[in-house]
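Read the figures in this text as sums done on the coordinates, not as results from a lab. Everything numeric here is computed off the predicted structure, so don't read it as measured data. Here the Cβ positions follow ideal geometry from the backbone for every residue, glycine too, while neighbour counts run over all protein chains shown.
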Amino acid sequence: MKFIDEVEIEVASGKGGAGAVSFRREAMVPRGGPDGGDGGRGGDVVLRVSRNLNSLVDFRPRKRYAAEAGHNGEGSLCKGADGKDLVLQVPAGTVVRSAEGHVLADMTESEQFVVARGGRGGKGNAFFKSSVNQAPEHAQPGEPAQEMMLRLELKLIADVGIIGLPNAGKSTLISRISAARPKIADYPFTTLTPNLGVVRAAEFKSFVVADIPGLIKGAHRGVGLGTQFLRHIERTRVFIHLIDASSGQIEEISQNYQDINDELYKYDELNADKEGFFPLSTRPQLVVFSKIDTLTDQQVQDLSREFAGWVSTLAISAVSGKNIDRLIHKVSEFVFGEERGELGR
Ligand SMILES: Nc1nc2c(ncn2[C@@H]2O[C@H](COP(=O)(O)OP(=O)(O)OP(=O)(O)O)[C@@H](O)[C@H]2O)c(=O)[nH]1
Ligand SMILES: [Mg+2]
């Protein structure tokens with residue numbers, strides 16, 4: 001399925017039905033009183049979370065989604081029917097923003113959100129009958145509809161984000177530790193949209209991992225695939241920062257590590273003013289050296305020694321399975337709060 005994580009649409013609630021102006025006319029009643037009924041309520045536009053969705057692909061960009069208007073009131077005190085609500089299904093994790101960028105709702109916390117209320121129906125002339133005015137000639141119009149542009153933004157809900165350069169082995173790792181089966185290949189930018197996988201660490205202890213496209217130096221300026229998809233790991237508690245260690249070159253590996261962190265930092269700077277933004281550069285990281293099946297034990301030791309003391313590291317191979325259990329254990333301790341604060345930079 002196509003993955004769409006941002007869409008702009010227009011929504012409009014239903015306007016209220018007008019109240020009726022009408023008088024009773026019956027053969028045996030010479031001067032019938034006012035009997036204009038009230039107009040019906042307009043329908044609401046409601047956003048509702050559907051667990052079966054994981055993309056905004058079903059929304060047509062810039063389309064107008066309108067609820068039904070209330071029906072007009074009629075004579076004989078007939079009230080107009082209420083307009084039907086329009087329910088729009090969204091995936092969990094959708095952030096709803098106004099055209100100006102204000103967060104109206106976060107569909108992580110709420111299951112349902114009324115984004116545009118239908119107008120109330122107007123009162124019919126029967127309502128305005130009083131001792132001084134036995135035959136009111138006026139009725140109320142219905143309340144107008146509410147219309148607005150909305151920006152829907154999907155932020156996937158994951159506990160752990162895997163970040164790293166293209167080819168670091170991110171997709172290979174997620175396919176090793178979960179049932180996710182993303183495409184894996186030895187060229188950069190194989191992954192174009194995020195993948196989620198559920199990792200079962202122990203009985204009743206599962207967490208969701210997100211594998212995202214690779215980042216490269218300059219990504220914040222749009223180099224490579226840019227940094228758009230970083231929003232999908234904004235809500236994660238911890239990052240697995242995966243670094244291809246197969247070169248065995250400590251300097252190159254340190255530089256790669258630094259380049260990714262610089263991009264996180266720049267992304268934070270660019271988004272700092274955005275309402276509801278959670279910075280990424282301060283998120284705890286577990287630094288993981290990948291592809292160690294291609295290294296000697298001595299090379300692995302040298303690497304770990306180099307980084308020791310300033311970051312929490314682990315050396316793994318998704319191919320041989322080396323240290324994969326330890327990785328799951330460490331990440332799960334963090335996700336379930338037993339080791340908060342130990343990771344970090
Ligand atoms: N030897 C070895 N090769 C690996 C390991 N993990 C991944 N690879 C290889 O590295 C290449 C890239 O792997 P991917 O998992 O596609 O890398 P990625 O980080 O998802 O790459 P992008 O999606 O392009 O960002 C593939 O050819 C994998 O087979 C490993 O542990 N050992
Ligand atoms: Mg990949």
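Quick look at the values:
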item: Where the Cα pairs of segment 7-150 fall when distances are cut into 5 Å bins, in %; result: 3, 11, 15, 16, 13, 10, 8, 7, 6, 5, 3, 2, 1, 0
item: Between segment 82-129 and segment 175-247, the alpha-carbon center distance in angstrom; result: 35
item: Mean Kyte hydropathy of 0.0 or more with a Cα span along the axis of at least 18 Å, helices from DSSP in the chain; result: none
item: Added length on full extension, which subtracts the Cα-Cα distance from 0.36 nm per residue, ARG221 to TRP310; result: 29.2 nm
item: Among 231-239, 89-97, the order from most to least packed when residues are scored by Cβ within 10 Å on average; result: 231-239, 89-97
item: Highest average packing first - 272-278, 166-172, Cβ atoms within 10 Å; result: 166-172, 272-278
item: Label-reachable residues, segment 79-97, where backbone N falls under 19 Å from a point 7 Å from SER110's Cα toward its Cβ; result: 85-97
item: ARG64-THR296 pseudo-label distance in nm [points 7 Å out on the Cα-to-Cβ vector]; result: 7.3
item: Rounded to 5, the percent of DSSP beta bridges in the chain classed as antiparallel; result: 55
item: Contour excess over end-to-end distance, with Cα ends at ASP273 and PHE23 and 0.36 nm allotted per residue; result: 84.1 nm
item: Percentage relative contact order, the chain, counting C-alpha pairs under 8 Å, at least six apart; result: 15
item: Computed [θ] at 222 nm, helices only, for the chain once each DSSP H run of length n ≥ 4 contributes -39500 (n - 2.57); result: -5000 deg cm²/dmol
item: Value in Å of the Kirkwood radius, where segment 233-345 supplies the Cα pairs that are averaged; result: 15.0
item: Most positive-pole-ward Cα, PHE334, HIS241, LEU303, against dipole of segment 160-335 from beta carbon charges; result: PHE334
item: FRET efficiency for VAL103 and TYR265, using Cβ-Cβ distance with R0 set to 25 Å, rounded to 0.05; result: 0.60
item: Contact order relative to length of segment 160-335, as percent, for alpha carbon pairs under 8 angstrom and 6 or more apart; result: 23
item: Amide H contacts of VAL238 (H built 1.01 Å from N, under 5 Å, at least 5 apart or other chain); result: GLY161
item: Whole-number D in µm² s⁻¹ for the chain, Kirkwood Cα-pair radius fed into Stokes-Einstein, 10 °C, 1.306 mPa s; result: 67
item: Reduced Cα scattering model of segment 160-335, Debye log10 I(q)/I(0), q = 0.09 Å⁻¹; result: -0.28
item: Dipole magnitude (debye, nearest 20) for the chain, charges at Cβ of Lys, Arg, Asp, Glu; result: 1100
item: Sequence-distant residues sharing a close amide H with ALA315 (under 5 Å, placed H); result: PHE289
item: Difference of contour (0.36 nm per residue) and Cα-Cα distance, GLU203 to SER76; result: 39.1 nm
item: Calculated FRET value between MET149 and SER247, using beta carbons and R₀ = 45 Å, to 0.05; result: 0.40
item: Among THR191, ALA180, ASN271 - extreme Cα towards positive end, dipole of segment 160-335, charges at beta-carbon; result: ALA180
item: Kirkwood hydrodynamic radius of segment 35-110, from inverse mean 1/r over distinct Cα pairs, in Å; result: 14.6
item: Residue among GLY75, ILE4, GLN89 farthest towards the positive dipole end of segment 1-149, charges placed on Cβ; result: GLY75
item: Reachable lysines, given that their alpha-carbon falls under 29 Å from the alpha-carbon of LYS155 and they are not under 8 places away in the same chain; result: LYS2, LYS63, LYS170, LYS183, LYS205, LYS217, LYS266, LYS274, LYS330
item: Nearest-20 debye value, segment 1-123 charge dipole, Cβ charges on Lys, Arg, Asp, Glu; result: 480
